[in-house]
1. Report yes if some residue within region 60-70 is modelled with pLDDT of 95 or more, closer than 28 Å to Gly135 by Cβ and under 15 Å from the mean Cα position of the chain (by Cα); otherwise report no.
2. Please verify whether region 204-213 includes one or more residues that are at pLDDT 95 or above, of a type in the set (Gly, Ala, Ser) and more than 30 Å from Asn112 (Cα to Cα).
3. Please work out which one of (1) touching a Ser or Thr at 6+ places or on another chain (Cβ under 6 Å); (2) of a type outside the set (Gly, Ala, Ser); (3) modelled with pLDDT of 95 or more is the condition Phe155 fails and give its number.
4. Given the conditions (1) within 16 Å of the ligand (Cβ to nearest atom); (2) within 23 Å of Lys109 (Cα to Cα); (3) in contact with a Ser or Thr (Cβ under 7 Å, 6 or more places away or on another chain), report the number of the one that Phe244 does not fulfil.
5. If you check Ser138 against the conditions, is it polar (S, T, N, Q) and crowded, with 17+ Cβ neighbours inside 10 Å?
6. When you look at Gly15, is it touching a Phe, Trp or Tyr at 6+ places or on another chain (Cβ under 9 Å) and within 13 Å of the ligand (Cβ to nearest atom), yes or no?
7. Could you name every one of the strands (runs of 3 or more DSSP E) located completely within region 1-116 that has at least 1 residues being surrounded by fewer than 18 Cβ atoms within 10 Å (Cβ to Cβ)?
8. So how many residues does region 117-139 have that are part of a loop (DSSP other than H, G, I, E, B) and either free of Cβ contacts under 8 Å to residues at least 60 places away in the same chain or within 14 Å of Leu182 (Cα to Cα) (or both)?
Amino acid sequence: MSDKRPIGVFDSGLGGLCAVKELRRLLPKEDIIYFGDTGRVPYGSKSPQTIIKYARQDAEFLYKHNVKLILAACGTVSTVALDDIKNDFEVTMFGVVDDAVAAAAKATKNGNVAVIGTNATVESGVFEKKLLAAGTKSVISCACPLFVQLVECGFTNRDNEITKGVCKTYLSQIKESGADTLILGCTHFPIIADIISDFLPGVTLIDPAKETAAHVAKHLSKNGMTSDEGGGTEYYVSDDGTSFSASAGVFLGNSEKIKANLVNI
Ligand code: DGL
């Protein structure tokens, strides 16, 4: 049996493409529908009510495309909105928190884990609560909202002085804390992982989208929901797709020219 329905993935913008990259690697025969809410990014500086409203609309858009699973490939949605919206749809919804927490709890040697994310993610305290429940000794969290803009604007080269400077400002406290593991709690952040790593040598970085994509692949296989033909990805955005298309390759890890369809949600 083959389940040819697409997998739905959404994010506030480009960051969720990191999950698409990983899903395509693990599940090359799955069709994927991606929605990036580029007209309303960033989510991380908005109130929980607004984030929940946007996330519900994003999921609804994907649900109408008869998807077999929805992945909220956004740290902000996963921490702030997922619990409120996941029962509204008759498909399984994944966020990016639980698998990242499990991976960090496994990776840490000294029990000290750090989390970076948007303001909304850090204020939610969700990563912290789950890490402590998973046996982590201490958690230090730091909001890094400018990273989202830097990534969306393409300031991602390893030697970019501006991003390096922002990194130093945001991450010095984490460096001093002695945390040996860092969760990149926003799906935009893996794009600047090498800059973060250069500032925090020896710290294990956890990419939530990557961990979650592996879980999605297992879930589909365990439930007989994999597809044996397909492999295409359709992209939808809520603002002009030109800059999305221009930057998508950085997230997808290739030079593919993609077409982003504009939708009103
Ligand atoms: N990718 C979103 C996240 O993981 C980006 C942040 C935002 O929209 O502020 O949180």
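1. no
2. Within region 204-213, none of the residues are at pLDDT 95 or above, of a type in the set (Gly, Ala, Ser) and more than 30 Å from Asn112 (Cα to Cα).
3. Checking Phe155 against (1) touching a Ser or Thr at 6+ places or on another chain (Cβ under 6 Å); (2) of a type outside the set (Gly, Ala, Ser); (3) modelled with pLDDT of 95 or more, the one that fails is (3).
4. The one condition Phe244 does not meet is (2).
5. Numbers: polar (S, T, N, Q): yes; crowded, with 17+ Cβ neighbours inside 10 Å: no.
Here the answer is no, as Ser138 does not meet what is asked.
6. Values: touching a Phe, Trp or Tyr at 6+ places or on another chain (Cβ under 9 Å): yes; within 13 Å of the ligand (Cβ to nearest atom): yes.
Yes.
7. Numbers: elements: 7-11, 32-36, 69-72, 92-94.
Ranges flagged: 92-94.
8. Just the residues of region 117-139 that are part of a loop (DSSP other than H, G, I, E, B), to begin with: 118, 125, 134-137.
Filter once more, so that each one left must be either free of Cβ contacts under 8 Å to residues at least 60 places away in the same chain or within 14 Å of Leu182 (Cα to Cα) (or both): 125, 134-137.
Within region 117-139, residues that are part of a loop (DSSP other than H, G, I, E, B) and either free of Cβ contacts under 8 Å to residues at least 60 places away in the same chain or within 14 Å of Leu182 (Cα to Cα) (or both) number 5.
The values are calculated or read from the model by the stated rules, or taken from the named source; none is laboratory data. Note that the coordinates shown come from a computational prediction; the quantities given were computed from them, not determined experimentally. Virtual Cβ from ideal backbone geometry, glycine too; neighbours counted across all protein chains shown.
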